[in-house]
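Inspection log for the structure reproduced underneath, given as structure tokens.
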Ligand SMILES: [Zn+2]
């Protein structure tokens, strides 16, 4: 395990000052955070103005290398990018973190995690992390969804029965995302690997009465705005949470695994349904975060999911930091 260099700490302190924070940010130890099944502790709290953010660790997908993973990069280039980020590269480490915002006493969860036993056997920690953080799932009254991929929505449904886990919560989603997945004839048009997902969405979501479809730009809860971020899926959304002079861009899957996509924002992965649109969205959102000096988090960033992004020529550098 390495320790942050003095330069890292100074850079980090300057970044904290730029964000209006009064304390030093700690550099995350990425290798340690991504090889273990779950880092300890499994939750982390920080503040964005008056908003309390709790990052909850769900787990990690140690994805085997596959030449089809990134259309315009080889497995060797992928391994090289991971190594440069000081990450293990015998697999692609895809950790998963869910955040819960506490705004004026109300709990707002962003995405619902992968559902125990429904995605990867190494990503089952969300309920335990929630309990460790003292969050009662029944107390979550609003869920903001980024998109309808399994690692973000299977946590809404019980395994086997598809019974809703949050029947009393209002579930807010970009109307474009909901309509695309539930459109008549959609399942037949999906690639083979996505047909099961499409069938499950179409069998379950239209029966639920607690979905609220909104347009990007809408203030979905006080201080939180939906940001249009298409490409990863047709209606993928980010969320910008603001309080006082501080803002947090909840980027979800826009930068996916930033060890790969910060230095190579042009890489088009199998995970992006529309590669060129995803690349354009990624550049626009990261440029906005840099220009506005916004804090940044992402679902697949190293736990606790927060990081610092900076421009590096035509690409970016990403440093995982704990706020
Ligand atoms: Zn994801």
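FYI, it's all coordinate maths here, none of it is from the lab. Here the structure is a predicted model, which means the values were calculated and not measured. Note: ideal-geometry Cβ built from the backbone for every residue, glycine included; neighbour counts use all protein chains shown.
So in region 6-322, what percent of DSSP beta bridges are antiparallel if you round to the nearest 5? If we restrict to bridges inside region 6-322, about 75 percent are antiparallel. Each peptide in 161-167, 189-195, 173-179 receives the mean, over its residues, of other Cβ atoms within 10 Å, and ordering these scores from highest gives 173-179, 161-167, 189-195. Taking packing as the residue-averaged number of other Cβ atoms within 10 angstrom, the listed peptides 302-314, 108-120 run from highest to lowest as 108-120, 302-314.
Pull out a ≥ b ≥ c, the square roots of the eigenvalues of the alpha-carbon gyration tensor of region 89-200, then state rounded if a/c is under 1.5, prolate if not and a/b is larger than b/c, and oblate in the remaining case.
Values: a/c = 1.89, a/b = 1.29, b/c = 1.47.
Oblate is the answer for region 89-200, as a/c is 1.5 or above yet b/c matches or exceeds a/b.
What shape does region 6-322 have by the C-alpha gyration tensor, where a ≥ b ≥ c are the square roots of the eigenvalues, rounded means a/c under 1.5, and otherwise prolate means a/b greater than b/c and oblate the rest? Taking the square roots of the gyration eigenvalues as a ≥ b ≥ c, region 6-322 is rounded. Would you please classify the overall shape of region 142-272 from the alpha carbon gyration tensor, given that a ≥ b ≥ c denote the square roots of the eigenvalues, rounded means a/c under 1.5, and beyond that prolate means a/b larger than b/c while oblate covers the rest? Note, shape of region 142-272 comes out oblate. Distance from the C-alpha centroid of region 223-257 to that of region 284-323: 12 Å, rounded to the whole angstrom.
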